[in-house]
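Just so you know, all these numbers are worked out from the coordinates, no wet-lab data involved. Every value quoted in this text rests on a predicted model; they were computed, and no experiment measured them. Reconstructed Cβ throughout: ideal geometry from the backbone, glycine too, with neighbour counts over all protein chains shown.
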DNA sequence: CTGAAAGCGCTTACAG
DNA sequence: CTGAAAGCGCTTACAG
């Protein structure tokens, strides 16, 4: 009899059952480790091996009501088509690795889906991935709060660096205390009196929280602040470099210290400053946020706020997983951060400290 | 009537049909953009919106025979638990991004699954992910050639940096000409007479190809070679640093140039050399392979072989996609590489020169 | 422990 | 264009 549809293998549990001389129910039980006689188990396992049988996950999921898949949606950086942009992969990728490792432990796999800024069919894209998963982890700036709230009615959702809605949960880091510690270090330990905050995307919750904390803490410390649209960056090195260039070209005097929204921004600011002959940190101090791995390799090594990036991902998965298996769960998990003092703030080079912050010698030639 | 099983929503196409006053067939047609009257379309779309209906991907896949998912399996680096290890994420992550972007264009999503070196249930892990996808992309060192050949009988498979089997396809870069161009540059342009190859994982096909090309080209150029187990690294910075330390501690004289299996290895070698006061490149030249983004930020900037990492990922997806949709396809795609001359080889800092030589295809040196 | 049978939520010929 | 019905490959009560 000719088989018109499936030209090749596409073996099913029926083939295994026939070969093993048992019912499909028995095959299923063996495959799932449920009760069965040694005899049956061995015959089924043999047939499975001989046929190289791979059970269909879709059928399994449909029957079970569980796909064992979490979807992760993140923003594709097609806004900044520069070579260095590759490095900005780091932050999201490390989070995603954290998600993946945690998922692994629960037998879940991770479905990745990036969306571009200009994707028009955002709704259907998200719907498609939601349909392929048991729940979704949404990175920053994917959906509006309203959009998240709506989608969360039909699908378990955890946001990263957002805020919880009626049905969705959120995981973020403690932006405020990180920035406060940084400002205090700059003002109290170094005695800098004028500061600026070089911001990230205006619509990023992390950025807003950092900006707010910066303003209140700097004001409380009695420092002079430079703010406003001229200091508006976009989390990218390129964007930051442009901001600094424009400021310098406009004859604007630099503040004594620039607190950047993230490490990429600090990288771009340092490049621009160096290109214009402004010494970092002697003339202007620059600091970051995130502590991506490359931060310690910059010149000077970057003083920044360390986020437990991997853990954020792992936590997001765990929170989502509990939500998938039950209702409830902590709606807004806040992870601690810590100040990492290196040299871009003006602190002296200290080999011992450098060694501590890295398992490998940083190799900086003093 | 109480609903014991699905406490919450779990809406189906039936709910949408009822609400819209049409049959489930019509709902399905509208959802898939097939022929339907404007009237029907609008009523269905309205109902979908009102209910926030998300079609179940598993049911869709089961019915269609297509999941629109490709699985990617890669090695989790739990062998090198150092902080800097984060950076080795880069290479795999960039490939995976390339896969993801290409997949996006075809309406596919990417299912990620890492495996640890010591995972015992490798077979069932791979089987589980294979069952959730339409095909698999396997990174380096996941399965033996025999294992790949067997699995490929039941599932479309593309390997990265491997070799094709009877049923599986492969995508790799042109290791041999990259290494040959590098050796020629070192021997002819710089006049170095003694070289060593600091290798990667012994069981990596890329590493073997690079090592072989190194030996034959260096021998042909009449250079002295240092080889053997003492030069066995593992693709990590830490591993490379240990190799160099051991060599130095053993009183071994360094060769004039060290060709490293990848950029991470070069990073580790440079760190170790610097720590022992050996100047790079004046006393010993060091080169890499990959050209990860951080390579240009090292001190000195790393001379290396550029791989089109993102394109490798994208190509792997495209090859797999054609295989999923038909049989055939190029069994062994080889992507070109090019020599990127910076300063760690001993070339002087010269932006113009660097620009020129980095534009040269690896195979076309004098 | 084991098998026959129903059902998971879609898509798709098949008629109308 | 539209609806009734079969079928995709599993899991799981339900009997035996």
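With Rg and the Kirkwood Rh both taken from Cα atoms, where does Rg over Rh land for chain B? Write down the numbers at each step before the final one.
On the way: Rg = 25.9 Å, Rh = 23.2 Å.
Rg/Rh: 1.12.
Using only helices, what value at 222 nm comes out for the protein assembly as shown when you add -39,500 (n - 2.57) per DSSP H run of length 4 or more and divide by the total residues, to the nearest 500 deg cm²/dmol?
Details: 26 runs with 296 residues, N = 732.
Taking each H run of at least 4 residues, the total per residue is -12500 deg cm²/dmol.
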Next on the checklist: Treating region A:273-341 as a set of equal point scatterers at the Cα positions, no solvent, please give the Debye-formula log₁₀ I(q)/I(0) at q = 0.13, 0.14 Å⁻¹.
Outcome noted: -0.54, -0.59
Checklist entry - With a Cα-only, solvent-free Debye model of region A:99-141, what are the log10 I(q)/I(0) values at q = 0.14, 0.30, 0.32 Å⁻¹? => result -0.38, -1.18, -1.25
Item to check | Label geometry 7 Å along the beta-carbon vector: residue A:153 inter-copy distances in nm | outcome: 5.1
Checklist entry - Between region B:286-335 and region B:135-158, how many Å separate their Cα centres? => result 19
Checklist entry - Per the Kirkwood treatment, what hydrodynamic radius in Å, one decimal, follows for region B:10-79 from the mean inverse distance over all distinct Cα pairs? => result 13.8
Item to check | Across the identical copies, how the residue A:275 labels are spaced - nm, sorted shortest first, 7 Å along Cα→Cβ | outcome: 3.6
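Stokes-Einstein diffusion coefficient for region A:14-55 at 25 °C in a medium of 0.890 mPa s, Rh from the Kirkwood formula over Cα pairs: what value in µm²/s? Working shown, then result.
On the way: Rh = 9.7 Å.
The diffusion coefficient I find is 253 µm²/s.
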Item to check | Among beta bridges that DSSP assigns inside chain B, antiparallel share in %, nearest 5 | outcome: 10
Item to check | At 0.692 mPa s and 37 °C, Stokes D of the protein assembly as shown from Kirkwood alpha-carbon radius, µm² per second | outcome: 118
Checklist entry - In whole percent, what relative contact order does region A:303-349 give with Cα contacts below 8 Å and a gap of six or more residues? => result 57
Checklist entry - Which whole number in µm²/s is D for region B:194-249 by Stokes-Einstein, with the Kirkwood Rh taken over Cα pairs at 10 °C and 1.306 mPa s? => result 136
Checklist entry - Distances from residue B:331 to the same residue in each other copy, label points 7 Å out along Cα→Cβ, in nm, shortest first? => result 6.0
Item to check | Most mobile of A:239, A:33, A:329 in a GNM of chain A (Cα contacts under 10 Å) | outcome: A:33
Item to check | Debye log10 I(q)/I(0) at q = 0.13, 0.19 Å⁻¹ for region A:99-230, Cα point scatterers | outcome: -0.69, -1.04
Checklist outcome for this item: Per residue, the convex hull enclosing the alpha carbons of region B:160-253 has a volume in Å³ of 108
Item to check | Listed residues B:290, B:15, B:332, most fluctuating in chain B (Gaussian network, C-alpha, under 10 Å) | outcome: B:15
Checklist entry - Most fluctuating residue of A:240, A:103, A:209 in a GNM of chain A with Cα springs under 10 Å: which is it? => result A:209
